[in-house]
Every structure is written in structure tokens, then in C-alpha cells.
1. Which of Gln237, Tyr276, Ala257 sits closest to the plus end of the dipole of the range 236-291, meaning its Cα is farthest towards the positive end, when Lys and Arg get +1 and Asp and Glu get -1 on the C-beta?
2. What is the set of long-range amide H partners of Val190 at a cut-off below 5 Å, with H atoms built 1.01 Å from backbone N?
3. If I compute solvent accessible area with a 1.4 Å probe over the protein chains, what percent of it on the range 67-115 is carbon and sulfur?
4. Could you state the angle between the C-alpha long axis of helix 337-347 and the longest principal axis of the C-alpha atoms of the chain, as a value from 0 to 90 degrees rounded to the nearest 10?
5. Ordered by residue, what ³J(HN,Hα) values in Hz, to whole numbers, does the range 248-261 give under the Karplus form 6.51 cos²θ - 1.76 cosθ + 1.60, where θ = phi - 60° and Gly and Pro are x?
6. Per q in 0.08 1/Å, what log10 I(q)/I(0) does a Debye calculation on the alpha-carbon atoms of the chain return?
7. Kindly provide the helix-only [θ] at 222 nm of the chain, computed as the sum of -39,500 (n - 2.57) over DSSP H runs of four or more divided by all residues, to the nearest 500 deg cm²/dmol?
8. Starting at the first residue of the range 140-149, write each ³J(HN,Hα) from the Karplus equation 6.51 cos²θ - 1.76 cosθ + 1.60 with θ = phi - 60°, in whole Hz, x for Gly and Pro.
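The values are calculated or read from the model by the stated rules, or taken from the named source; none is laboratory data. This structure is a prediction, so every number in the text was calculated from the model and none was measured. Cβ placement follows ideal geometry from the backbone for every residue including glycine, while neighbour counts extend to all protein chains displayed. Heads up: the accessible areas ignore ligands, DNA and RNA and are worked out on the full protein's heavy atoms, side chains in. Shrake-Rupley method; radii C 1.70, N 1.55, O 1.52, S 1.80 Å.
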Amino acid sequence: MNFDFSDEQLALKDEARKFLAAKCPPDRVRKLMDEDSPGFDPELWAQVAEQGWLGAAIPEEHGGLGLGYLELCCIAEELGRAVAPVPFASTVYFFAEALLRAGTAEQKAKYLPQVVTGEIIGTIASAEQAGPVSAANISAEVSGGKLSGVKMPVTDGVVAHYAVVLAKEGGKPTLYIVDLNGPGVSREAVNTIDRSREAARVEFKDAPVERLGEVGDGLALFEAINDRAAVLISFEQVGGADMCLEMAKNYALDRFAFGRQIGGYQAIKHRLADMYAKNVLARGNAYYGAWALNSDAPELPIAAAGARISASDAYWFAARENVQVHGGMGFTWEVDCHLHYRRSRQLGLVAGSARSWKHRLVTMLERRNAA
């Protein structure tokens, strides 16, 4: 049996790689590390929209390509490989998915076509404090159709136009759509390790809201959206991890010390082999997650947790080892290792830390075994 992507999907992946290699070289990402950067690359964002990637999994009736989630996974991997400085994950994996899962026909018709064209940058605002999101640590509240509370950190919250916000109404967690440029909303940038994917502190004071789904369904919807996003983010992490391995390998073959390639030394070989092993394990888990996502299988929560945990571990490990293989140069600003080092840390916290996913996975397995 062939568990790989189809020829058409691999062709899409190849075209995405060529496009990003031409349009998103490391120098373009570096420019966003300056203090005065907007937090993303607007020109690249427009070019990505022109490619139709924002609508890869959005139905044609809403202006999307209607391809499916396997194709979106292919695109996600290449975005991760290129460390693309665009709010793709926040807009497509979270905001658009929330609308597809819980939006009314009117809400989908209003927002999704603008997501496809790149006119709307979306995000999700759930966290208020350290630790997993739960009913106990949600203090943001909606009363009379107005939202008050603080969310932090909100990934891409500085540049987003709309946010899906998790808040309580009558003590029941519920999801809402909020216009971040509307009344009652203020936001400020939060310093992060990866300035190409900035975060924000967003404060709401009687901000008008639009309910998404039913009152009290917020946590269940949030977990479902998070599971789906986790699979897609795992592909970004796999793409980044593979690029780190490629960078380390190429440097080990080009760099000579004491008259021989450093790749010929056992210590370097072991590092590369360990990176490869973790990357292959992460890819296998990501593929399982992609199958569960595309088929909306009941195994999706477990598959998403496995993909998230292994991909986070592989990318962080590969980013660290890439620096080590490059030696003293790996720590300098002139070498691109730090781009993946930063992004591996940033992606390791989006949608929850690996520790929280491990806890969730163990809990789900215990329940399944008990049944």
C-alpha cells in the first residue's frame, strides 16, 4: 500500500517549494526581525493569496479551491520549511476552520470569501494565562452582546482584522467573532522570540460580538478546532525540521577541519542520524493526523496529539542540532540557523505546549482503555 501523497498532491508540494524558494528567501524573513517591522510580510501575503493557498480547503461556493486537507498539509509543510513570515496558520487553521465548523451560512458567506482573497487576516484569542485553556481560567465575559476581558498572547493579534474569541456568557464558554478594528478593542505588541510571527495583548471593553455556534459549546468547538490546527501545524514543524537537517548536512559536507569534511566525523554523523530518526517519526505521526483530518475520523483527537507531540520534539531538536553542527558560526546573526531556532520555539507554543498535548493524549488513552 502507498501511504504517501498522490502524484497531484506531490506536484502541488513541489510547486509550493519552488514558489517559496523564489519569493521567500531567508533574507526576506530577516528583514522582519527589525524592531520597526510590521510583524509579517504584506507583499508575500498578497502573493500567497494569488496562489489560491488560503482557500485550498475552503469550498468553491465560498470562493475557495475546495481541494481538501491533504493539499493544505502539503502547503503547510512548505511554509514551515521556508519559515514564511505570514499569518497563514492564524487565518486558515484557526479562523477559517472555526467558521467552517460552527459558522452559519450567512457568516460563512460574509467572511470566507475575504479569507480566500487575503483581505481578512484572522486569528483566535483563547489564552488568558499560562497553562491549558479550560473553563476555570476563562474570565473574559459577554453580557448584552458586549465583550469585556483580556486575551494574551494572541498570535498575529497585532495585524489581524478579526478574532475568534473564547469567552463566557452566563457562565458558559462560547465562541464569538470580534472585529479587532472595532470599538472597545485595544491591542499592543508583546515581545516574542520570533518577530516574524508576533503576538499581542488584546483588551476588550464592551466590544460588540457576533456569536459563533451555540451558547455553552465554546470549549468543545475550541478543542475540535485545536485538533485540526494541530495537524496542520505539525506539517509546518516537519517542514522546518527537514530544512534544519538539510542545512546541517550541507554544512557538514562543505566544512573541512583537519583536512577532512566534518561530516566524516562520528560525532557529526550521530547528530545527523538522530535528527533524521526524529524527523521520520514526526512525519509518520503527521501523516496519520492528515488522514484523520481529511476523513474527519473519530481517531482525530489522538492522531492530532501524536502529531503535535512528535513534530514539536523533532523541530526543536533539529533546530538545536543544526546550530551545533554549524559550530560557533551557528550562533551568529549571519547564519540562518536562528530563523528555525526561533520558529521552532514559536510553533512549539501555538495551539498549546507539547506538555499539555502529552497530558491530553495520556488522558484520552486512559479513557479509551478503560472503555
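1. Positive-most Cα among the choices belongs to Ala257.
2. Ala199, Ala200, Arg201
3. Numbers: 620 of 1140 Å².
Answer for the range 67-115: carbon and sulfur cover 54 percent of the accessible area.
4. 30
5. So the Karplus estimates, Gly and Pro as x, are 5, 4, 4, 5, 5, 7, 8, 8, 10, 9, 6, x, 9, 4 Hz.
6. Debye output, listed in q order: -0.39.
7. Values: 11 runs with 185 residues, N = 371.
Value at 222 nm, helices only, nearest 500: -16500 deg cm²/dmol.
8. 4, 9, 10, 9, x, x, 10, 9, 9, x
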